[in-house]
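Here's the structure we're looking at; comments come further down.
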Amino acid sequence: MPRVITLAMLAAAVFGLTGCATVGPDYHPPRQEMAEDWHTTVDPALLPSAELVQHWWRLFDDPLLNEFIETASRNNKDLLTAILRVEE
């Protein structure tokens, strides 16, 4: 039985190391073509509201998380100073 395990481990090592082989000197990555007229537009209905962006954690509806965020906001004097400077 130990011989089977040893052979299995050896086979796994050989197969694992073959994945580390280089591809050769003449390898070139494939080119990815993109149509010149391809474009996309953003649907305004899919954009998040400013309220959602500013208070994203409220989506979790967790009173403890709300309390942590409020406490951190109140006690972070550097952040409050930065906000006041931006508003100024």
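The values are calculated or read from the model by the stated rules, or taken from the named source; none is laboratory data. This is a predicted model, so every value here is computed, not measured. All Cβ positions, even for glycine, are placed from backbone atoms using ideal geometry, and neighbour counts span all protein chains on display. The protein model used for the area step is the full one, side chains on, heavy atoms only, and it has no ligands, DNA or RNA in it. Shrake-Rupley method; radii C 1.70, N 1.55, O 1.52, S 1.80 Å.
Among the residues of this structure, Trp38 counts as one that is of a type in the set (Phe, Trp, Tyr) and at pLDDT below 85. Once segment 52-82 is narrowed to residues that are open to solvent by less than 90 Å² (accessible area, probe 1.4 Å) and part of a loop (DSSP other than H, G, I, E, B), the residue that is modelled with the lowest pLDDT is Asn76. Given the structure, is Trp38 surrounded by 10 or more Cβ atoms within 10 Å (Cβ to Cβ) and among the hydrophobic types (A, V, I, L, M, F, W, C)? Against the criterion (surrounded by 10 or more Cβ atoms within 10 Å (Cβ to Cβ) and among the hydrophobic types (A, V, I, L, M, F, W, C)), Trp38 does not qualify.
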